[in-house]
1. In the stretch 4-107, what is the count of Lys pairs whose alpha carbons are under 23 Å apart, counting only pairs at least 8 residues apart or on separate chains?
2. Tell me which of Y20, P77, G59 sits at the most positive position along the dipole axis of the stretch 4-107, charges placed on C-beta atoms (Lys, Arg +1; Asp, Glu -1).
3. Report Rg (one decimal) and Dmax (nearest whole number) for the stretch 7-118, counting Cα atoms only, units Å.
Amino acid sequence: MSGESAFPDVVELNVGGVYYTTSLETLRKEPDSQLGAIFTSREPITKDNKGRYFLDRDGVLFRYVLDYLRDGGLVLPECFRERERLKREAEKYNLPGLLEAVSEGSRSRPPGIITVGYRGSFQFGKDGLADVKFRKLSRILVCGRVPLCRDVFGETLNESRDPDHGQSERYTSRFFLKHSFLEQAFDMLVEQGFKMVGSCGSGTAGNASELKPGVDAEENRWNHYNEFVFVRE
């Protein structure tokens, strides 16, 4: 069978290894799109070994493509971190409305400043400086306007030291992250459109009499505190 009638009313898809079931009407919603062309037989498409129509694209992000086709709009989850990739999918499927919706969401993000700081040291082995194991971070601190910090860090933000008392636009210097991966914090800031504009660092020194139980004397000499300032304009 050929032509538009070759497709069933309910279509099973394999998009990059992720499976979807949707209606033919949804896939044809935008006639000038690549999906519209495929499912009116103007462009070819292959099937996988289970008979599902196969698209060699990002399977996870395709859910937002379907949502847009179904509803004519786009609602992304809080702290969505794949805008640039979703823009690329919108371009590939030739969906200018979806591309505009993703871009509009990027432009609507408010400007602001977030400072990230950490206190850390280096873990030493049996041979002291010759056997440095890894960087130890006790805690990553986050300072800034509360709604902005929540928007960037989402569920990774620990607010237990500065609970919300109903002030919607307050600032804090007491939040910290639930993880100790500095580069993960930087990635989240960059993905939300922030750029690092400044940093500073300082070292501390302590003598053996001040050490807590289990703290290595040589390691204590290498304690340091660093701060990084990120700006979104």
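Computed from the coordinates by the stated procedures, all read-outs in this text should not be read as laboratory data. Everything quoted here is computed from the prediction, not taken from an experiment. Every residue, glycine as well, gets a Cβ built from its backbone with ideal geometry; the counts of neighbours run over all protein chains shown.
1. Details: K29/K47; K29/K87; K29/K92; K47/K92.
Eligible lysine pairs with Cα atoms under 23 Å apart amount to 4.
2. Checked the options; the winner is G59.
3. Gyration radius and largest Cα-Cα distance of the stretch 7-118: 16.2, 57 Å.
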